[in-house]
Amino acid sequence: MTPLPKSTPPAVGAASPNVKRTATTVRPQTNEERRRAQRVFLRMPVLVYLEGKPNPIHGTTHTVSASGAMIILPQGLSTGTKISIENPKTQKKVDAHVVRPPVMNAEGSLVPIEFTTPSPQFWNIFFPPNPNN
């Protein structure tokens, strides 16, 4: 009896969301191409509110998008933590949650957050269209 192969390669031309196809090339998508929304480097103050805590945590944005941000805080927040974030310039608030563990750098803790619902106007800036959508 002949053993079956351990894995079968995908059919030629099979669609994959992680493959970029052009008229002349087929290659894996880059992280930038997989993103749902364009990211913009933007340094601005933010206030982060944790449930049950009376005082906000003062932070700064590192990068922002229509669906969230990477924020710099003096302390890390664990994955899944639900927060409200305020843009002090506009005094708008939006609900969000931490999507991955924070990474420490020289400025503090880089905390990746995602809005509960996309809020492109929250940052009060214009986002360029995402060429990958």
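Note on surface exposure: L73, L50 rank L50, L73 by accessible area, highest first, 1.4 Å probe. Backbone phi angles across segment 90-103, fed through the Karplus curve with coefficients 6.51, -1.76 and 1.60 (θ = phi - 60°), yield HN-Hα couplings of 9, 6, 7, 10, 9, 7, 8, 8, 7, 9, 8, x, x, 10 Hz in residue order; Gly and Pro are listed as x.
Each residue of segment 56-66 was assigned a 3J(HN,Hα) from its phi angle through the Karplus expression (A = 6.51, B = -1.76, C = 1.60, θ = phi - 60°), giving x, 9, 7, x, 9, 6, 9, 9, 10, 8, 5 Hz with x at Gly and Pro. Once you divide the Cα radius of gyration of segment 33-123 by 2.2 N^0.38 Å, the number left is 0.98.
Gain on full extension, evaluated as 0.36 nm per residue between E114 and D95 minus their Cα-Cα distance, stands at 6.0 nm.
The values are calculated or read from the model by the stated rules, or taken from the named source; none is laboratory data. None of the values given here were measured: they were computed from a predicted structure. Only protein heavy atoms, including side chains, enter the accessible area calculation; ligands, DNA and RNA are left aside. Shrake-Rupley method; radii C 1.70, N 1.55, O 1.52, S 1.80 Å.
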